Every structure is written in structure tokens, then in C-alpha cells.
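A.B. asks: Let me give you the structure first, and then I'll get to my questions.
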Amino acid sequence: MSLISQNVAVISSIEKGTEENTLGPSSPLRNTDASEVDKSGLDTSRAKKRKKEHRKEDEQLVQEQQKEMMKLENFLFGSLYSPIEFGKDEEQNGFNSEEKIPALYIMDRSADNSLSAYEDDYRVLDESTNKEEHQQRKPVWVDEEEEKATVNITNVSRLRKLRKEEDENSISGSEYVSRLRAQHAKLNPGTEWAQLDAQSRGDSDDDDLSSDDENAVALAGGYDNVDSIDDILRTSENLVVKSGGKLMPGLLGYSRLVDANVEEPSNGPINSVQFHRNSQLLLATGLDRKLRFFQIDGKRNTKIQSIFLEDCPIRKASFLPDGSQVIIAGRRKFFYSLDLVKAKVDKIGPLVGREEKSLEAFEVSPDSSTIAFIGNEGYILLVSIKTKELIGTLKMNGSVRSLAFADDGRQLLSSGGDGQIYHWDLRTRTCIHKAVDEGCINGTALCTSPNGALFAAGSDSGIVNIYNRQEFLGGKKKPLKAIENLTTKVDFLKFNHDAQILAICSRMKKSSLKLIHIPSFTIFSNWPPPKKNLQYPSCLDFSPEGGYMAVGNAAGKVLLYKLHHYHHA
């Protein structure tokens, strides 16, 4: 009995004693007030009942608060009191059976299993109490209406196969989803490699599957490389890339892109364009004395930097093959070296012991060790890249017009006013072979293929001869092919990276730029573009992987093209 009910009883007894003392046992008023006393006692019993009800409500409220606290603790810190069991009576976990605790996440392991999803989950959770728990992938979104919804699987004939008992009519939404997943897995057993919960597999699958314990990934036999599968799923590129092997003759697949120097065109003719070895950086120089660098993406071609050389109109600029420096030269006694790492420009020259007034024509060796300058009176000047000093000279019978390195920088080819092609051994600095270029009076251009097997020689008559270098050194003077598509002096020759395309160029005529298919020694008939004027082309370069082709012209523009046969820049 509570304190309130005790006080009520004491007060009522005191009132009774007072009434007896006042009225006496034989008073007539005592009989008249008996009914009122009975009513007051009835009210007291009702108050007691109400207080008991309030007490029960308070106890229920405390229990609900405790349950709510336990729910929050389970939500924040995991199942502290008991693991969550799906489809079982919640009284086993210490909760009221009328209270349904929503699952924090759903684990669907119904594939390849004859048990229901709920029984399977209970089995896995029971095993997890004895084993170390592994990280499960939680669903991004869970439909809360599935638990409330009911589906009648007897009304539709194609759903009757989902029944587990003959008299089963309606099932819950979550059970319906689980059975559909199990049915799909039975009909499509080939999707097992995509299952990510390795430890949810049965023992029957252990012989056919290999698991990655660290990432909890289950893979079918032959899919042991998890990283490669992740790489496939992380990219939107084609799974099968066409081989960039054999280029077909006839028509060249290409498309015009935004000009490479669209953000800052040159104020004078472009004399030199070259791609860096990383395929994204393009160098463009001209007579406006500016050295410009562009980041090539085919869409914006952002300008990175420009350098102004006050006393040197640039005739040629070239990256070193290792990409660390840029050699810049003009009609001056000196030349410049730009260190790309330190962003420092050094002025070098005049060369000791030489009186050349121009060092505008040069070539850099593939091993980034030597620069060969064209000197006066048939001299070739060899300069060390490391020390920037003259280390030797070579002497031709006639004037020198063009140079080209071969054999990874160990040999040098030269041609000039006597119409002959010289082969030099740079280790001994001697001429190892000399022969006449067929039909040539004055040689104007030379170029070797990247593998050194072929070389092309151009003359002032517009004829380009293509030779096999080993056969030429062996005494065969007949070229593999003589290209006669140019009618003016050949100024520039360039092979692409796999020697399937040779570009030949003359600066003396508009659109005088041809592309030759080397395997067949034929001209691509759709180049130059029939309705596009290239102006006076002056230089050209292919990107390291052949995907881009940049053409500089006398109008100060660098035209950029995408060659479709090559998938990488």
C-alpha cells in the first residue's frame, strides 16, 4: 500500500471517530449519513484502482524506455545484448513479441539454397557467433514497405512455382523478393562469379570457388586476380580494344580537332612543332621569338607557358628524347638550352674554335648524348649535351643540308650539295659508307624510321627515295620506292612511331603535304583534306603513340588531327 492510500485511510478513521464522539452511537444523524460514508469508501477504492493503473503505466513506460535505449545502443554499437535474428520470435532475444525490431541491414543468401532466406540467415548468424565476424556489404537502400506488403502467389500462374507448400497463398514482401532471387539464381547459375560474400557459400561450392579473405570476394575458378576484375568495373572503356597493328592503304581515317595553339596563335610562321614523350605536351615555335607549350587534349588545348627570347628568332626547337631539356636555335652564333625541370634558360656559344654565323639546323641523338649542328663548308659539329661543348667535327665533300641519326645514336646520316648520302660511325668518327642518292642533285632532307630499318631522302627536285638501310650499306643503290608526288623542294620528312606512315612536306606550295602508306608505298588519296587549305605547311610531328598529328604552317597556326587507326596519343 502506498503512502497516499495510507493517509487516506487514517483521515477516514479520524473522521469516523470524530463523528462518533460528536453524535454518539444512538444519534439519528448517524443513520442518515451512513449512505454518504459508503459512497466515500467506494470512491477510495476507485482511487486505489486508478493508482494501480498509473503504476502499471509507469512501469510499462520505464520498460519501453529501456527497450528504446537498447535499440539505440544496438544501432550505434552493434548487437550488444543479442544478435538480430530474422523471422524468429523476438521473445528469444528478451524483447516483447509484439514489438518488431527492424533489421539494420538485409543479407540475401538465397541463391543455390533450398532453405528459406530467413532460415539461411539464422544458420549463418548462429555460425558467426563461433567464428570471427567478417565485414558484410550493406544495401544502399531498403524498402520499408516490403515487410508490410503481402503478395498472393496463387492468383498468377507463373508465381505458383514460388510456393513451398501446396496450400500456401500469401507471403510477405521480403519473402517474395527472397524467393524471386533464389529462382533467378537457379535459372542463371553462371553469375556465381559476381557474388561478393565469400563466406556465405556452402561447402559444396568450396571446390569450385576461390576466395579472397582480405576483401571477402568470392570468385569462380579462373578469376583469381581480384584487382583485374576491379579495374574492369572501375572504367567505362571498351573491354575489347581493337589492335592498332596493320594500317590499310587507300583512305586514311582522321578527323580535324581544335587547333593546338588556339589559345595563343603565333604572330609569325611556325618553324617547329614537337610532342613531348608524355604525349600531352606540345612545343610550338616560330619567328616571333616565342616558345609556347600546350597541353593537348583535342578539346581545349590549354596553353601552359610561353617564353620570349629577345635576341633569337627561332628556326628550330627540339625536346631531348629523355624529355628533360629543349634545344633552341636560330640564325645566330649561339643556341639556347631550356631545362624543363629547373625552368632555366641557358645561352650557349659561340662554339670554341668555330666561326659559324648560324646554328639554325641541328639534330639530337636518340640517346640524348649528342647534338649535331650543320656547319659551314661541309662540316658537321658534334656537341655534348652534358657539357654543351664541342667534342668533334665531321667533314663532307660538299655542303651539308640535312642530318639524321640511326642505330640509337651510334651512326649519323648526312646529305647535301654533292647528291651523296654519307654514313658516319660516331664512335670512331669516320665515314663507313658513301653512295649517290638516285636521281638527286642536291639533297635537302633526311629521315630514319624509329627502328632504323628504313630511311628516306628528299631532294630539291621534289623526289623522295625510300631505302632499306642495310641494303644501302651493302651496296644496293636502288631505292625501294621513289615518291614523285611533290613538285617543289622537299623541306621536311617524318616517320610515325611504327613506320607505317611517312609525311613529306614542301614549304614552297600551298597544301604541299603528303602522307605515304609505307607497307604499300602508296599515297593516301584523301589527304590533304580536299576542301581544307593547309596554307603553306612548314613542319609536322606525330604523337609518341600515333594518335595525334600536328601540322604547323606559315599562317602561325598548328593544325591538329586525330588519326583513328591509333587509339592512344
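The values are calculated or read from the model by the stated rules, or taken from the named source; none is laboratory data. Computed from a predicted structure; not experimentally measured. Here the Cβ positions follow ideal geometry from the backbone for every residue, glycine too, while neighbour counts run over all protein chains shown. The area values use the complete protein model at the heavy-atom level, side chains included, leaving out ligands, DNA and RNA. Shrake-Rupley method; radii C 1.70, N 1.55, O 1.52, S 1.80 Å.
A.B. asks: Given the criterion farther than 20 Å from VAL273 by Cα and touching a residue at least 24 places away in the same chain (Cβ under 8 Å), identify the matching residue among LYS514, LYS532. Quick ask: steps written out before the conclusion?
C.D. replies: Details: LYS514 fails: farther than 20 Å from VAL273 by Cα.
Just one listed residue meets the conditions, LYS532.
A.B. asks: Quick one: ILE432 ticks every box in (1) crowded, with 20+ Cβ neighbours inside 10 Å; (2) part of a strand (DSSP E or B); (3) not charged (D, E, K, R) except a single one, so which number is it?
C.D. replies: (1)
A.B. asks: Just checking: which of the strands (runs of 3 or more DSSP E) contained wholly in the range 280-368 hold 1 or more residues that are of a type outside the set (Phe, Trp, Tyr) and closer than 30 Å to SER415 by Cβ?
C.D. replies: Working: elements: 281-286, 290-295, 302-308, 314-319, 325-330, 335-339, 344-348, 362-364.
Because the criterion is at least 1 residues that are of a type outside the set (Phe, Trp, Tyr) and closer than 30 Å to SER415 by Cβ, the strands (runs of 3 or more DSSP E) in the range 280-368 that meet it are 281-286, 290-295, 314-319, 325-330, 335-339, 344-348, 362-364.
A.B. asks: Suppose we filter GLU175, GLU168 for residues that are modelled with pLDDT of 55 or more, part of a loop (DSSP other than H, G, I, E, B) and either more than 25 Å from the chain's Cα centre (by Cα) or within 30 Å of ASN155 (Cβ to Cβ) (or both); which single one remains?
C.D. replies: On the way: GLU175 fails: part of a loop (DSSP other than H, G, I, E, B).
So the residue among GLU175, GLU168 that is modelled with pLDDT of 55 or more, part of a loop (DSSP other than H, G, I, E, B) and either more than 25 Å from the chain's Cα centre (by Cα) or within 30 Å of ASN155 (Cβ to Cβ) (or both) is GLU168.
A.B. asks: Just need a number here: residues in the range 437-455 that are open to solvent by 10 Å² or more (accessible area, probe 1.4 Å), more than 16 Å from SER399 (Cβ to Cβ) and either touching a Cys at 6+ places or on another chain (Cβ under 7 Å) or in a strand (DSSP E or B) (or both).
C.D. replies: Total satisfying the criteria: 3.
A.B. asks: Starting from residues that are within 38 Å of the chain's Cα centre (by Cα) and of a type outside the set (S, T, N, Q), keep the ones in the range 347-370 and report whichever is surrounded by the fewest Cβ atoms within 10 Å (Cβ to Cβ).
C.D. replies: Of the range 347-370, the ones within 38 Å of the chain's Cα centre (by Cα) are 363-370.
Those left that are additionally of a type outside the set (S, T, N, Q): 363-364, 366-367.
Details: GLU363: 22, VAL364: 19, PRO366: 19, ASP367: 14.
Checked the range 347-370; the qualifying residue surrounded by the fewest Cβ atoms within 10 Å (Cβ to Cβ) is ASP367.
A.B. asks: Continuing with the same structure: For residues that are in contact with a Lys or Arg (Cβ under 6 Å, 6 or more places away or on another chain), surrounded by 16 or more Cβ atoms within 10 Å (Cβ to Cβ) and of a type outside the set (S, T, N, Q), tally how many sit in the range 264-312.
C.D. replies: Of the residues in that region, 5 qualify.
A.B. asks: So, of the residues in the range 128-165 that are open to solvent by less than 80 Å² (accessible area, probe 1.4 Å) and among the small types (Gly, Ala, Ser), which turns out to be modelled with the lowest pLDDT? Let's see the steps before the verdict.
C.D. replies: Our first condition is that a residue be open to solvent by less than 80 Å² (accessible area, probe 1.4 Å); within the range 128-165, this holds for 128, 134, 136, 139, 142-143, 146, 149, 151-154, 156, 159, 162.
Subset that is among the small types (Gly, Ala, Ser): 128, 149.
Numbers: SER128: 52, ALA149: 86.
This residue is SER128.
A.B. asks: Could you please give the count of residues in the range 386-401 that are within 42 Å of the chain's Cα centre (by Cα) and at negative phi?
C.D. replies: If we filter the range 386-401 for residues that are within 42 Å of the chain's Cα centre (by Cα), which is where we start, we get 386-388.
Among the residues that remain, those that are also at negative phi are: 386-387.
Of the residues in that region, 2 qualify.
A.B. asks: Follow-up question, since we're still on this one. Just to be sure I understand, how many residues within the range 319-346 are crowded, with 19+ Cβ neighbours inside 10 Å, within 20 Å of ARG277 (Cα to Cα) and not aliphatic (A, V, I, L, M)? Let's see the steps before the verdict.
C.D. replies: Taking the range 319-346 as the starting set, the residues that turn out to be crowded, with 19+ Cβ neighbours inside 10 Å are 319-320, 325-330, 332, 335-336, 338.
Okay, now just the ones that are also within 20 Å of ARG277 (Cα to Cα), so 319-320, 325-328, 338.
Add one more test, that the residue is not aliphatic (A, V, I, L, M), and what stays is 319, 325.
Residues that pass the stated criteria total 2.
A.B. asks: A further question on this structure: Has the range 183-198 got any residue that is of a type in the set (A, V, I, L, M, F, W, C), at pLDDT 70 or above and open to solvent by 30 Å² or more (accessible area, probe 1.4 Å)?
C.D. replies: Yes: one or more hits.
A.B. asks: Oh, and also: Out of all the residues in the range 391-400, is one or more open to solvent by 40 Å² or more (accessible area, probe 1.4 Å), of a type in the set (Lys, Arg) and in contact with a Ser or Thr (Cβ under 9 Å, 6 or more places away or on another chain)? It would help to see each step written out before you state the result.
C.D. replies: Kept after step one, since they are open to solvent by 40 Å² or more (accessible area, probe 1.4 Å), are these residues of the range 391-400: 391, 393, 395, 397, 399.
If we keep only those that are of a type in the set (Lys, Arg) as well, we get 395.
Restricting the remaining residues to those that are in contact with a Ser or Thr (Cβ under 9 Å, 6 or more places away or on another chain) gives none.
Looking through the range 391-400, none of the residues is open to solvent by 40 Å² or more (accessible area, probe 1.4 Å), of a type in the set (Lys, Arg) and in contact with a Ser or Thr (Cβ under 9 Å, 6 or more places away or on another chain).
Here is a yes/no grid of residues against (1) within 32 Å of the chain's Cα centre (by Cα); (2) open to solvent by 10 Å² or more (accessible area, probe 1.4 Å); (3) closer than 28 Å to PHE319 by Cα; (4) free of Cβ contacts under 8 Å to residues at least 60 places away in the same chain:
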residue: ILE466; (1), (2), (3), (4): no, no, yes, yes
residue: GLY474; (1), (2), (3), (4): no, yes, no, yes
residue: LYS477; (1), (2), (3), (4): no, yes, no, yes
residue: ALA482; (1), (2), (3), (4): no, yes, no, yes
residue: THR487; (1), (2), (3), (4): no, yes, no, yes
residue: ALA503; (1), (2), (3), (4): no, no, yes, yes
residue: THR522; (1), (2), (3), (4): no, yes, no, no
residue: LEU540; (1), (2), (3), (4): yes, no, yes, no
residue: GLY552; (1), (2), (3), (4): yes, no, yes, no
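A.B. asks: Could you list, in sequence order, the residues of the range 427-459 that are among the charged types (D, E, K, R) and touching a Gly at 6+ places or on another chain (Cβ under 8 Å)?
C.D. replies: If we filter the range 427-459 for residues that are among the charged types (D, E, K, R), which is where we start, we get 427, 429, 434, 437-438.
Hits for the range 427-459 are ARG429, ASP437.
A.B. asks: A further question on this structure: Could you grab me the full set of residues in the range 374-412 that are assigned to a strand (DSSP E or B), closer than 19 Å to VAL326 by Cα and without any contact (Cβ under 8 Å) to a residue 24 or more places away in the chain?
C.D. replies: Start the filter on the range 374-412 by keeping residues that are assigned to a strand (DSSP E or B), which leaves 374, 379-384, 390-395, 400-406, 411-412.
Those still in the list that are closer than 19 Å to VAL326 by Cα too: 374, 381-384, 390, 403-405.
Result: SER384, single match.
A.B. asks: For the range 313-324, give me the residue count where each residue is of a type in the set (Gly, Ala, Ser) and touching a Lys or Arg at 6+ places or on another chain (Cβ under 8 Å).
C.D. replies: 1
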